[in-house]
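Reviewing the structure listed below.
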Ligand SMILES: Nc1ncnc2c1ncn2[C@@H]1O[C@H](COP(=O)(O)OP(=O)(O)OP(=O)(O)O)[C@@H](O)[C@H]1O
Ligand SMILES: [Mg+2]
């Protein structure tokens, strides 16, 4: 098992009122699983993904990631865990504009203290995995949206994370680029990656092993198992 959340509650306090955005969420993700989470806008999907990815901490509940009690880690330990164990792919790629593709992909490895030669080798390998070996020196403004997302995926996998998280990774792409990105996730899944993906798109969710739905902060206990 990669992670287990029990009774997770997340509340945001604005002024004097607290609003509950996640309501007693239970979630486990197994090694090698590909899980899609679907739900309407504002239902708490990004909030949940941010908690899974240790970008934020729950108001209450227990969260164990790779055998570690996340709620007991310091900010430094959380940052370390995120950097080493979790890869993120967002709707809008967040590539650094003044760096080319390979530099963007190599950057998280720098924070891990990987030496330059190995950083570049691993970044190049990740770019080959997403089919961009001919675009390594291109800057983000010289790449299409689909290519930019593939660079972002390469960046997410370069550190060989235990878990890959994606928040609407095809949301900003045309259907053809979206299909290419989905093929890459399929390939990563076949090669053993564990993936949690948020999507509005039924066709995208249908490629996962399982779908769970969230509505008003309540994650349905039962999962739909895909063929
Ligand atoms: N930092 C915050 N402070 C206060 N409320 C927040 C904060 N972040 C999110 N919310 C509220 O939490 C609820 C869930 O937001 P979230 O971003 O998780 O939804 P979502 O399911 O990802 O929606 P979408 O599909 O539109 O991306 C929303 O009502 C939002 O207004
Ligand atoms: Mg969202």
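Taking the condition of being out of contact with any helix residue (DSSP H, G or I) (no Cβ under 8 Å at 6 or more places or on another chain), assigned to a helix (DSSP H, G or I) and crowded, with 19+ Cβ neighbours inside 10 Å, how many residues in segment 155-184 meet it?
Residues meeting the conditions: 1.
Mind listing just one residue for me: the one in segment 207-223 that is touching a residue at least 60 places away in the same chain (Cβ under 8 Å), out of contact with any strand residue (DSSP E or B) (no Cβ under 6 Å at 6 or more places or on another chain) and part of a loop (DSSP other than H, G, I, E, B) and, of those, farthest from ligand 2 (Cβ to nearest atom)?
This residue is 221.
Just to check your reading of the model, which residue among 4, 31 is closer than 22 Å to residue 222 by Cα, more than 16 Å from ligand 1 (Cβ to nearest atom) and either outside any strand (DSSP E or B) or free of Cβ contacts under 8 Å to residues at least 12 places away in the same chain (or both)?
31
Would you be able to tell me the number of residues in segment 166-190 that are in contact with a strand residue (DSSP E or B) (Cβ under 8 Å, 6 or more places away or on another chain) and either under 18 Å from residue 38 (Cβ atoms) or within 16 Å of ligand 2 (Cβ to nearest atom) (or both)?
Result for segment 166-190: 6.
Which one of 55, 51, 78, 96 is touching a helix residue (DSSP H, G or I) at 6+ places or on another chain (Cβ under 8 Å), modelled with pLDDT of 95 or more and either over 28 Å from residue 134 (Cα atoms) or surrounded by fewer than 20 Cβ atoms within 10 Å (Cβ to Cβ) (or both)?
Matching residue, one of 55, 51, 78, 96: 96.
Sort out which residues of segment 19-28 are under 11 Å from residue 59 (Cα atoms) and more than 13 Å from ligand 1 (Cβ to nearest atom), and write them in order of number.
24
Run residue 54 past the list (1) in a loop (DSSP other than H, G, I, E, B); (2) within 16 Å of ligand 2 (Cβ to nearest atom) and report the number of the one that doesn't hold.
Status for residue 54: all satisfied but (2).
Kindly list, by first and then second residue, each pair from a residue in segment 34-50 that is part of a helix (DSSP H, G or I) to a residue that is near ligand 1 (Cβ under 6 Å from one of its atoms), limited to pairs with Cβ atoms under 6 Å and residues at least 6 apart or on different chains.
Close Cβ pairs (under 6 Å, with a partner that is near ligand 1 (Cβ under 6 Å from one of its atoms)) amount to 45/39; 47/21.
I'm checking my understanding of the structure. Among residues of segment 195-217 that are near ligand 1 (Cβ under 10 Å from one of its atoms) and buried (at least 19 other Cβ atoms within 10 Å of the Cβ), which one is nearest to residue 10 (Cα to Cα)?
Here the residue is 217.
Would you call residue 84 assigned to a helix (DSSP H, G or I) and closer than 30 Å to residue 214 by Cα?
yes
Regarding segment 62-79, can at least one residue be identified that is over 16 Å from residue 194 (Cα atoms), within 16 Å of ligand 2 (Cβ to nearest atom), touching a strand residue (DSSP E or B) at 6+ places or on another chain (Cβ under 9 Å) and touching a residue at least 60 places away in the same chain (Cβ under 8 Å)?
No, segment 62-79 contains no residue that is over 16 Å from residue 194 (Cα atoms), within 16 Å of ligand 2 (Cβ to nearest atom), touching a strand residue (DSSP E or B) at 6+ places or on another chain (Cβ under 9 Å) and touching a residue at least 60 places away in the same chain (Cβ under 8 Å).
Going through 16, 84 one at a time, which residue ends up being surrounded by fewer than 18 Cβ atoms within 10 Å (Cβ to Cβ) and either away from ligand 1 (no atom under 14 Å from the Cβ) or in contact (Cβ under 8 Å) with a residue 60 or more places away in the chain (or both)?
Among 16, 84, only 84 is surrounded by fewer than 18 Cβ atoms within 10 Å (Cβ to Cβ) and either away from ligand 1 (no atom under 14 Å from the Cβ) or in contact (Cβ under 8 Å) with a residue 60 or more places away in the chain (or both).
The values are calculated or read from the model by the stated rules, or taken from the named source; none is laboratory data. This one's a predicted model, so the numbers in the text were calculated from it and none came from an experiment. Please note: Cβ atoms are built from the backbone with ideal geometry, for glycine as well, and neighbour counts cover all protein chains shown.
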